[in-house]
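Trainee: What follows is a structure written as structure tokens; I'll ask about it next.
Where a number appears in this text, it was derived from the coordinates with a stated rule and is not lab data. These numbers were taken from a predicted model, which means no experiment stands behind them. Counting neighbours? That spans all protein chains shown, and the Cβs are built from the backbone with ideal geometry, glycine included.
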Amino acid sequence: MAIIHSLNMLFFPVKVNKQHIVVFMTFYEDMMPIIKALVQQSYQITVIGPKKYQQEVESLGHLNYLIAGNKGVIQHIKALSSARVILIDTYYLML
């Protein structure tokens, strides 16, 4: 509980951006139609997914790609705290 409270204090000044959407992606084929549609709608998109899909997703342009894993957890929390919508692939394991 103390960790959650500390993280809330750290990211409290971050305001929710109405145009920001975070997408957790496990499989490229499942989420790419959704990501492409959101890019066309001019939303600010952050995709959190495996490194092997990074180049393909970034080629769409106008989005941020964060590599999934424990090393980037602070970046993930920062992106999640400012997002209005969070889409999670059904196969995404969060522990």
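Trainee: By DSSP, what percent of the beta bridges with both residues in region 2-88 are antiparallel, rounded to the nearest 5?
Mentor: Values: 0 of 15 bridges.
That works out to approximately 0 percent antiparallel.
Trainee: Okay, moving on. For Thr46, which sequence-distant residues (separation of 5 or more, or a different chain) have an amide H within less than 5 Å of its own amide H, given hydrogens modelled in the peptide plane?
Mentor: It is Ile21, Val22, Val23, Asn64, by chain and number.
Trainee: If you don't mind, another one. Would you work out which of Met31, Gly72, Leu60 lies farthest towards the positive end of the dipole of region 2-88, given +1 charges on the beta-carbon of Lys and Arg and -1 on that of Asp and Glu, about the Cα centre?
Mentor: Gly72
Trainee: Work out from phi, with θ = phi - 60° and the Karplus expression 6.51 cos²θ - 1.76 cosθ + 1.60, the ³J(HN,Hα) of each residue of region 68-79, listed in order in whole Hz, and give x for Gly and Pro.
Mentor: With coefficients 6.51, -1.76 and 1.60, one gets 5, x, 5, 5, x, 4, 5, 5, 4, 5, 4, 5 Hz.
Trainee: Follow-up question, since we're still on this one. Can you compute the FRET efficiency between Ser59 and Gln19 using 1/(1 + (r/R0)^6), with r the Cβ-Cβ distance and R0 = 30 Å? Round to the nearest 0.05. Intermediate results must be reported in sequence, preceding the final value.
Mentor: On the way: r = 21 Å, r/R0 = 0.71.
E between Ser59 and Gln19, to the nearest 0.05, is 0.90.
Trainee: Under 17 Å between alpha carbons: how many lysine pairs meet that in region 2-88, if sequence neighbours fewer than 8 apart on the same chain are excluded?
Mentor: Lysine pairs satisfying the spacing and distance rule in region 2-88 number 4.
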